[in-house]
Structure formats: C-alpha cells, structure tokens
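Heads up, the thing below is written out as structure tokens.
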Amino acid sequence: MSRTDLSKRTFLRTAALLAADTLLTRNLALGGEPKSSPSNQKVILVIFGGVRRAETFSPDGLENIPHLARDLMPQSLFYMHARNDGITSHFNATSSIFTGTWQRVDDWGKLAPTAPTLFEYFRKQLGAGQGDVWVVASNKALTKMIGASAVSIYGSAFGANVVFPKQLLITAVMKAIWSGQSRNMGDRHRVQAQLEAMLMDNNYEGLGWSVFKEADRLDADVHATMQEAISQFVYNERSTTGDELTFWMSREIMRRFAPTLLVVIYSDVEVAHFGSYSLHLAGISNADRLTYQLWEEAQKNSDYRGRTTMVVMPEFGRDPDGSTTNGFLNHRSNDDSCRMPWMIILGAAVDRPKMIEQPVAQIDLCPSLARLLGCQAHEAQGRRLGDLRA
Ligand SMILES: [Zn+2]
C-alpha cells in the first residue's frame, strides 16, 4: 500500500469516527437508546446505484463482483429478476423500495414519499427508537426526506436517522479549517480550492452538496486527530471515494448503535453519468468489496451474528449499449437493461440457497422485511416474497 493510500485510509477512518461521534452525541441528546430493540432480527439492506446485468451477473460481468458471485450468492436466495416498474431516478427508486409502493415524487427529494416507509411501520408499531433505524448514503440525489413519509399518522417522528457521511465530513473539514487551528493551513487558497473540488466532485446528478447545520459540531476528543488527518488529506489526497467513507461510517454505526434496520446506499457506480466506463466498473468492484466487508462485520459483531438478514440490490440497471440515451451513462430506458436488476437475500431469513427465476418486484421487499421484523406494511402494494422465512 502506498503512502498516499495509507494516508487516505487514515483520513477516511478518522473522518468516519468523527462523524459517528457527532451523531452519537446528538442521538443521546435526543434520548436515543443504543443497542436495545423490540425485534430480535436485524436487517441490513445494501443498495447500489444503477448497475446493469451485463457488468454484474453475466458471464463477462462476474469478474467485477467476485465477492457477490463467489462468497454471497452461493448462500443466498438469488432473485434473478427483481423488477423496477417505477420511475428510474434515484429518489423515486429508493422511496419505492422503502415504501413498497411505486413512488412518483420529486426526482431530487424535495418531497417526502407519499406512503409510509418500512422505518415508520417498524418504529411506530413496535415502539422502536430512532437509534434503531439508520440510512447511510453516498448518493447525492437523495435528501433527508428519504427517511420518512408525508403520511400524517406516521412521518418524521417515526423516521430513520439519515446520514450522508461526505456531507458531515465536509462540514467538519470546513469548520476545522476556518477556525484557523489546523496545522499546515498557511496556504488557505490551496485548501479552499481542494475543498471546492471536493464539493463539486462527482457532481454527476447536477446537484451540489448541501451541508447540514446539525452536523456542524466537532467533538473535542477527536479534534486533534481530525486536524492531523485534515492536513494529510489536504496535502496528499487526490480523490476520495464516497462509498469507502459510507462503509466506515456504517460499520461504526453498527458497532455503536447496533440498529435493527440499517440501509447502506453505495453510489460510486454513478460516476457512469460522467461517461467513464472504467470508473463505473471500479465503482462496481468497490461496492462488491464494501458489501462483503459489511457482511463480514455482521458475522463478527455479536449484536448481529446469527440473526441478521442482508439484502443486496441495485436501484435499477442502466440503459443498453447503442440506445439513444447513451448506454451505460444513464438509466432512463424502458427496457429490461434498465428495469430488471437482480436481488440477493442471505442470512437468518434464508433456509436454503435457491435461484429464483420467476420475476419479483422491488416493492415486494418492504412487506417481506416488515414481516421479518414483526410489523405490517399495510399500505405496501408489493407481495411478500414466499421464500423468506417469516
Ligand atoms: Zn444516476
């Protein structure tokens, strides 16, 4: 590992700890009760952005997903066709998965989902605290609105903690720099240019990062470490992957809060919107590795071992090669390449591995996971997946 890689890893780890620490403080202030839950089942839902079958579960694609293909799929219920019949934009697709209904709200997350999310069903019906349900996302097309619906008897009082690690990171970095306490910060113009580049980095959906005010805190205990890491970052970092940071953060949340329901959304693959096929493939490999590392954590972590069900699914595919919408760059075409990704379910809810050829719908997942967690998704339109142990 090169010095740069090492410094990048140190930075990402520190940043994740810092961000987790900020959240921990906030959560306890809200009266959150880490590590207690009304359910003895745990669910980890890992969502990729858009990936086609051609680059994943196809003869040529398998080399991009060694862990999914060799380590996870053989012990799973492998749904070969998990159809997205809704709008293939990020916020709508994710909202549809969470609510079990096809959502047609604002593509950029300005409006909350119109049906209750799994988070709300679970928290309201079982009396679970906010610390029990988390969404950690790299995807900039999502907003805080993804954590709860606009349905009046549910809503944000029963929603998930929604975390965008890169935003927390940027807030922390900015604050440390402008407080003027950091070492090696003489060249502020250079630092500012770097930060601006970070803010614009991978701005593939046409959105910049908006920074949350509530994240604007630094914990004293990690301040010194953070400053050192910032120095290293500013002077050594070339590019950061949002998914790596999302993984660090998710694992830290598992260790500190052991939530019953954890959703992790990786989206390095969305660099495809920029037109780089090689970076898109690198994003797939990254997500493959980071998903496997989450599964490994669930096997090692005593709060999760033996009672965790993990689901891995893309939001949708991408357009076919030669299409008028530029092939892999986008996800708008009304065909199987875009609408028919796969889904993997493994762990506690799986009796025996099985390949399921019969198409299912992505909205079938919400009522299935609700049942597993001991609640009812009564407004979901999807059907429960029959092969899951209830
Ligand atoms: Zn996209």
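Within the stretch 331-349, can you find the residues that are away from the ligand (no atom under 16 Å from the Cβ) and within 22 Å of the chain's Cα centre (by Cα)?
MET340, TRP342, MET343, ILE344, ILE345, LEU346, GLY347, ALA348, ALA349
Which of the residues spanning the stretch 116-127 are over 17 Å from LEU45 (Cα atoms) and open to solvent by less than 10 Å² (accessible area, probe 1.4 Å)?
So in the stretch 116-127, the residues over 17 Å from LEU45 (Cα atoms) come out as 116, 124-127.
Listed by number, the list holds a single entry, PRO116.
Search the stretch 272-295 for residues being away from the ligand (no atom under 14 Å from the Cβ) and of a type in the set (Phe, Trp, Tyr), and hand back the single one that is modelled with the lowest pLDDT.
Within the stretch 272-295, the match that is modelled with the lowest pLDDT is TYR277.
Which of the residues that make up the stretch 270-301 are among the β-branched types (Val, Ile, Thr) and under 12 Å from the mean Cα position of the chain (by Cα)? Steps first, answer last, please.
First, the residues of the stretch 270-301 that are among the β-branched types (Val, Ile, Thr): 271, 284, 291.
Result: THR291, single match.
Specify which of the listed residues (VAL234, VAL269, VAL222) is assigned to a helix (DSSP H, G or I), at pLDDT 85 or above and either within 16 Å of the ligand (Cβ to nearest atom) or farther than 24 Å from ILE284 by Cβ (or both).
On the way: VAL234 fails: at pLDDT 85 or above; VAL222 fails: at pLDDT 85 or above.
Step by step, each of VAL234, VAL269, VAL222 is checked, and only VAL269 is assigned to a helix (DSSP H, G or I), at pLDDT 85 or above and either within 16 Å of the ligand (Cβ to nearest atom) or farther than 24 Å from ILE284 by Cβ (or both).
Taking the condition of being open to solvent by less than 10 Å² (accessible area, probe 1.4 Å), on the phi < 0 side of the Ramachandran plot and part of a loop (DSSP other than H, G, I, E, B), how many residues in the stretch 80-100 meet it?
Within the stretch 80-100, residues that are open to solvent by less than 10 Å² (accessible area, probe 1.4 Å), on the phi < 0 side of the Ramachandran plot and part of a loop (DSSP other than H, G, I, E, B) number 2.
Can you find a residue in the stretch 191-204 that is over 15 Å from MET249 (Cβ atoms), at pLDDT below 65, within 16 Å of the ligand (Cβ to nearest atom) and in contact with a Lys or Arg (Cβ under 6 Å, 6 or more places away or on another chain)?
At the first step, the residues of the stretch 191-204 found to be over 15 Å from MET249 (Cβ atoms) are 191-204.
Narrowing further to those that are at pLDDT below 65: 191-204.
From what is left, the residues that are within 16 Å of the ligand (Cβ to nearest atom) are 201-204.
Next, from what is left, pick out any that are in contact with a Lys or Arg (Cβ under 6 Å, 6 or more places away or on another chain): none.
No; the residues of the stretch 191-204 include none that is over 15 Å from MET249 (Cβ atoms), at pLDDT below 65, within 16 Å of the ligand (Cβ to nearest atom) and in contact with a Lys or Arg (Cβ under 6 Å, 6 or more places away or on another chain).
For the stretch 38-53, which positions are open to solvent by 50 Å² or more (accessible area, probe 1.4 Å) and either in contact with a Lys or Arg (Cβ under 6 Å, 6 or more places away or on another chain) or modelled with pLDDT under 95 (or both)?
Residues of the stretch 38-53 open to solvent by 50 Å² or more (accessible area, probe 1.4 Å): 38, 40, 53.
Listed by number, the residues that qualify are PRO38, ASN40.
For (1) away from the ligand (no atom under 16 Å from the Cβ); (2) of a type in the set (Asp, Glu); (3) in contact (Cβ under 8 Å) with a residue 60 or more places away in the chain, each residue gets a yes or a no:
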residue	(1), (2), (3)
ASN64	yes, no, yes
LEU72	yes, no, yes
TYR79	yes, no, yes
ARG83	yes, no, yes
SER95	no, no, no
PHE98	yes, no, yes
ASP106	no, yes, no
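Taking the residues in the stretch 316-330 that are open to solvent by 10 Å² or more (accessible area, probe 1.4 Å) and assigned to a loop (DSSP other than H, G, I, E, B) as candidates, determine which candidate is nearest to the ligand (Cβ to nearest atom). So that I can check it myself, show each step before the final result.
Taking the stretch 316-330 as the starting set, the residues that turn out to be open to solvent by 10 Å² or more (accessible area, probe 1.4 Å) are 320-326, 328-330.
Next, only the ones that are assigned to a loop (DSSP other than H, G, I, E, B) stay: 320-326, 330.
Numbers: PRO320: 16, ASP321: 17, GLY322: 19, SER323: 15, THR324: 17, THR325: 12, ASN326: 12, ASN330: 7 Å.
Result: ASN330.
Could you identify the single residue in LEU72, LEU18, LEU77 that is at pLDDT 95 or above and either part of a helix (DSSP H, G or I) or open to solvent by 60 Å² or more (accessible area, probe 1.4 Å) (or both)? So that I can check it myself, show each step before the final result.
Details: LEU18 fails: at pLDDT 95 or above; LEU77 fails: either part of a helix (DSSP H, G or I) or open to solvent by 60 Å² or more (accessible area, probe 1.4 Å) (or both).
Residue meeting the stated conditions: LEU72.
Can you go through ALA282, ALA298, ALA349, ALA287 and tell me which one is under 20 Å from SER368 (Cβ atoms), in a helix (DSSP H, G or I) and either in contact (Cβ under 8 Å) with a residue 40 or more places away in the chain or open to solvent by 10 Å² or more (accessible area, probe 1.4 Å) (or both)?
Details: ALA282 fails: under 20 Å from SER368 (Cβ atoms); ALA349 fails: in a helix (DSSP H, G or I); ALA287 fails: under 20 Å from SER368 (Cβ atoms).
Being under 20 Å from SER368 (Cβ atoms), in a helix (DSSP H, G or I) and either in contact (Cβ under 8 Å) with a residue 40 or more places away in the chain or open to solvent by 10 Å² or more (accessible area, probe 1.4 Å) (or both) holds for just one of ALA282, ALA298, ALA349, ALA287, which is ALA298.
The values are calculated or read from the model by the stated rules, or taken from the named source; none is laboratory data. Everything numeric here is computed off the predicted structure, so don't read it as measured data. Methodologically, a virtual Cβ is constructed for each residue, glycine included, from the backbone with ideal geometry; neighbour enumeration extends over all protein chains shown. Surface accessibility is based on the protein's heavy atoms, side chains included, excluding ligands, DNA and RNA. Shrake-Rupley method; radii C 1.70, N 1.55, O 1.52, S 1.80 Å.
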